[in-house]
Amino acid sequence: MLALAVDGITSLSIKPIRMITGLGLLVSLLSFIGVLWAVIDSLTGGTVQGWASTVCIVCFMGGIQLLCLGVIGEYVGKTYLEAKSRPRYHLAARTWEEESEGENHPGAQGMQ
């Protein structure tokens, strides 16, 4: 049932990919704040030597990787949606039927 739920969520939209992109952006912003905190803490002497550079690299690269994965996923998702060849819209009902040229219909009044 779990596999069926995952198929249902991922097969009809690219919403999960957009959530990953947003998560990557959020992690990148949080890692930037973490980098500032690590640099300030390192300058005040409150950390072990080498800790700040390790934290900065790990946080920044993790966020950038997730953001890049989301961007690549956006391209793959858009390609997938185009490959399905579905119409961009679906007509539920027509408001008027085409009539012979001699008869007037509401859409043809301005065209004469």
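The values are calculated or read from the model by the stated rules, or taken from the named source; none is laboratory data. As the structure is a computational prediction, the values presented were derived from the model and not from experiment. Positions of Cβ are generated from backbone atoms using ideal geometry, with glycine treated the same way; all protein chains shown enter the neighbour counts.
For the range 51-82, a residue qualifies if it is among the aliphatic types (A, V, I, L, M), modelled with pLDDT of 80 or more and surrounded by fewer than 17 Cβ atoms within 10 Å (Cβ to Cβ), and the qualifying residues are 57, 58, 61, 64, 69, 71, 72, 76.
Provide a single number: the residues in the range 24-35 that are within 22 Å of residue 80 (Cα to Cα) and either of a type in the set (Phe, Trp, Tyr) or under 10 Å from the mean Cα position of the chain (by Cα) (or both). Selection size over the range 24-35: 0.
Which one of these is outside any helix (DSSP H, G or I), at pLDDT 80 or above and of a type in the set (A, V, I, L, M): 48, 39?
Details: 39 fails: outside any helix (DSSP H, G or I).
Within the list 48, 39, the selection yields 48.
Pairing each residue of the range 9-26 that is touching a residue at least 12 places away in the same chain (Cβ under 8 Å) with any residue that is part of a helix (DSSP H, G or I) and among the acidic types (Asp, Glu), provided the two are 6+ apart or on different chains, yields C-beta distances under 8 Å for 14/74; 17/74; 18/74; 21/74.
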